[in-house]
Amino acid sequence: MAHLRWAAPGLPVEERNTHAFRCGQTAFAHNGGIYPLGRLSALLPPEWQARLTGMTDSEHYFLAPMAEVEDGGADLSPGSPGASRRASRRAASTRCC
């Protein structure tokens, strides 16, 4: 997989901030930004915040549905929007996106 894009504004260009992010057998890359960055930590339980390796909005947003899968038993199989839907609802309720 290759994903080319500009660095997130204000963040250092470092390997740890580079897409694609991986968690187990799942990889994630996206184009665009998720704001405000300061509120993204509200998407992740503390134990998942400790799994962050970089500082990007992308990695925060990727780990949110992964936390739902691992902690809440949600399904990421094709056609099953459960984990993403719950993560999106949490994002909306924290007004981070």
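What about G54, is it of a type in the set (G, A, S), part of a loop (DSSP other than H, G, I, E, B) and either modelled with pLDDT of 80 or more or in contact with a Cys (Cβ under 8 Å, 6 or more places away or on another chain) (or both)?
Judged against the criteria, G54 is a match.
Check A20, A7 and return the single one that is at pLDDT below 80 and touching a His at 6+ places or on another chain (Cβ under 7 Å).
Matching residue, one of A20, A7: A20.
What are the residue pairs meeting all of these: first residue in the range 13-24, first residue surrounded by 14 or more Cβ atoms within 10 Å (Cβ to Cβ), second residue among the acidic types (D, E), Cβ atoms under 8 Å, and 6 or more apart or on different chains?
N17/E59; F21/E59
The values are calculated or read from the model by the stated rules, or taken from the named source; none is laboratory data. Being a predicted model, the structure only gives us computed values, none of them experimental. Note that we place each Cβ from the backbone using ideal geometry, even for glycine, and neighbour counts take in every protein chain shown.
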